[in-house]
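Take a look at the structure set out below.
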Amino acid sequence: MPETSSWQPTASLENLRRRATLLADIRRFFAERQVLEMEVPILSRRATSDPHIDSIIADCSGAPAFLATSPEFGLKRLLAAGIGDCYYLGKAFRNGEAGGRHNPEFTMLEWYRVGWDDHRLMIEVGEFLSWVLKISHVRSYSYRALFLQHLDVDPHRASFEELKAVLARVLEISFEPAGRDECLDLLMSHHIEPAMGEGITLVYDFPASQAALARVEDDELGVPVARRFEAYVGGLELANGYWELTDAPEQLRRFEADQRYREDNDKSVNPFEERLVQALEAGMPNCAGVALGVDRLLMLACGAARIDEVIAFPIARA
Amino acid sequence: MGTYSTNEFKGGLKVMLDGDPCSIVDNEFVKPGKGQAFNRVKLRNLKTGRVWERTFRSGESLESADVMDRDMEYLYNDGEFFHFMEPETFEQHQADAKAVGDAAKWLKEQDICVVTLYNGAPLAVTPPNHVILEITDTDPGVRGDTAQGGTKPATLATGAVVKVPLFLEIGETIKVDTRTGEYLGRAKED
């Protein structure tokens, strides 16, 4: 890109106007359903502990502060305080994530429904996406069903060796996979997602090892699965939802396991959000929540191939 | 030699993969929402020309390949090797038929080509985009047919065969695009 034009937005004015309409539509969708918009800190003294997400570290009054990788901790503390159904629509930040579908600073929509489980929320995610994108075709599959359909392998029961053999059949990789989860991530992102086709695809019942902050329960075959779901449109990953964990000791165990993983894998280890554990101890209502990438939603609404086409000033020009 | 990390991969970067020099064609960052980050990379093997797709863990690195492109004058072919010279240092390099590949049919003495050197030895040769060559064989010309648009095959001094308009004769020189093999026009007489 020549230096002289780098002051200009990378997105067309038409796409930027579409962004404004989309933000207004999102707020209208939730206003009509009595879901309340909340603001939570973008700058926090606590960081995510997620093994595969890195915070951007800032300096605030001489001490480290972390740019929020999602509004999750703040919203859950508000839920425990009794705010009820709520959402956040604003910026989130993830270090090192840049590419055709990623910008380190991005717009996230995250909402929570009190008293709902993951399956009830999936219905609403389907309604939301159909409404924004004017797509009526919504399909849902369990994670297992997708793997059986595309690769003829049961992702919950196959051994590491079996998964490696499936991987070798469909993909060339430069490294020895570290475990079952890495095999599953590669198969999902490189093989299954691109083959999902048009329309809205909802995937539920993820491997228990990839539960993050979702509950783990036995499925109909008695296999423990994470009550987590993802939404894709035309193979583009758009949203990730949970039937939220409300068990404080289990939450603390997961934070500690994450921290150990980060330490063992030479990743930065930062203070985790112990106030979320306190909030769960005090009692967070049973609820389901979902986070959705607004820039990607806009890419779909505009027919854009790259995230730069819908962000005025992506990181290279920010 | 240095190394490049996946976040530095970009089109045209020359790296070593499985012992062969490669040029990166495309690099896509792939990250499942709750999973780990990967880079899905397309690379062209500079020895075979084959394009590979390979997935790396984000943050992995590859050694840089000692590959560079140099402008060189084509001197002659001794029956086994093609000889090139760097115009400024007069340093000469010999390339075998494998390195020259398809470029051989466009090589005219004194033309400036791009010679790709790997560890100092020619790995590939790219002819100039446009070359001017003499027609050494073609069917007799048809007069007054300049507007008709018909074509016939013509053999050029270097052995290449291209389609030319019907009116052209043996001994005329023409300009050809080496990337497409397309006839561009008559060369100006001098």
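Overview of results
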read-out: Cβ-Cβ FRET estimate between B:R179 and A:R169, R0 fixed at 35 Å, reported to 0.05; value: 0.40
read-out: The stretch A:143-219: C-alpha gyration tensor shape, a/c 1.5 cut-off, then a/b vs b/c; value: oblate
read-out: Calculated from backbone phi, Karplus (6.51, -1.76, 1.60) coupling profile of the stretch A:127-132 in Hz, x at Gly/Pro; value: 5, 4, 5, 4, 6, 5
read-out: Charge-dipole axis of the stretch A:200-318 as Lys and Arg at +1 and Asp and Glu at -1 on Cβ define it, positive-most pick from A:S209, A:A301, A:W243; value: A:A301
read-out: Amide H partners (placed H, <5 Å) of B:F167, local residues excluded; value: B:V142
read-out: Restraint check, B:K105/B:K152; B:K42/B:K105; B:K108/B:K188; A:K164/B:K42; B:K47/B:K152, Cα-Cα greater than 27 Å; value: B:K42/B:K105; B:K47/B:K152
read-out: Farthest toward positive dipole pole in the stretch A:11-95 [+1 Lys/Arg, -1 Asp/Glu at C-beta], among A:C86, A:S61, A:P71; value: A:C86
read-out: Other protein chain Cβ atoms within 10 Å, averaged over every residue that makes up A:95-107; value: 3
read-out: Sparse-neighbour loop sites [GluC sites (Glu not before Pro); the stretch B:107-190; at most 14 other C-beta within 10 Å; DSSP]; value: B:E109, B:E169, B:E189
read-out: Inter-probe distance in nm under a simple model that places probes 7 Å from Cα toward Cβ, at B:E91 and A:I123; value: 7.4
read-out: Expected-Rg normalisation [2.2 N^0.38 Å, Cα atoms] applied to chain A; value: 1.00
read-out: Sequence-distant residues sharing a close amide H with A:D85 (under 5 Å, placed H); value: A:V114
read-out: DSSP-loop chymotrypsin sites (Phe, Trp or Tyr not before Pro) across the stretch B:36-82, with at most 16 other Cβ within 10 angstrom; value: B:F81
read-out: Dipole-positive endmost among B:M85, B:M72, B:L123 within the stretch B:67-126 (Cβ charges, Cα centre); value: B:L123
read-out: Percent of C-alpha pairs per 10 Å bin, the stretch B:67-126, short to long; value: 27, 63, 10
read-out: FRET E, pair A:D264, B:T3, Förster distance 25 Å, beta-carbon r, rounded to 0.05; value: 0.55
read-out: Table column - 3J(HN,Hα) (Hz), the stretch A:10-15, Karplus curve with 6.51, -1.76, 1.60, x for Gly and Pro; value: 7, 8, 6, 4, 4, 5
read-out: The protein assembly as shown - mean residue ellipticity at 222 nm from DSSP helices (-39,500 (n - 2.57) per run, n ≥ 4, rounded to 500); value: -6500 deg cm²/dmol
read-out: HN-Hα J in Hz across the stretch A:62-69 - Karplus 6.51, -1.76, 1.60, θ = phi - 60°, x for Gly and Pro; value: x, 10, x, 9, 10, 6, 4, 8
read-out: Extension reserve of the A:R275-A:Q34 stretch, reckoned as 0.36 nm per residue once the Cα distance is removed; value: 84.0 nm
read-out: Cα gyration tensor, the stretch A:230-291 - rounded (a/c under 1.5), prolate or oblate; value: oblate
read-out: Chain B: relative contact order as a whole-number percent, Cα under 8 Å and 6+ apart; value: 14
read-out: Whether the stretch B:28-181 is rounded, prolate or oblate, judged on the alpha carbon gyration tensor where a/c under 1.5 counts as rounded; value: oblate
read-out: Loop-located GluC sites (Glu not before Pro) in the stretch A:217-305, at most 13 other Cβ atoms within 10 Å (DSSP); value: A:E220
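No value in this document is a laboratory result; all are computed from the given coordinates. This structure is a prediction, so every number in the text was calculated from the model and none was measured. Note: ideal-geometry Cβ built from the backbone for every residue, glycine included; neighbour counts use all protein chains shown.
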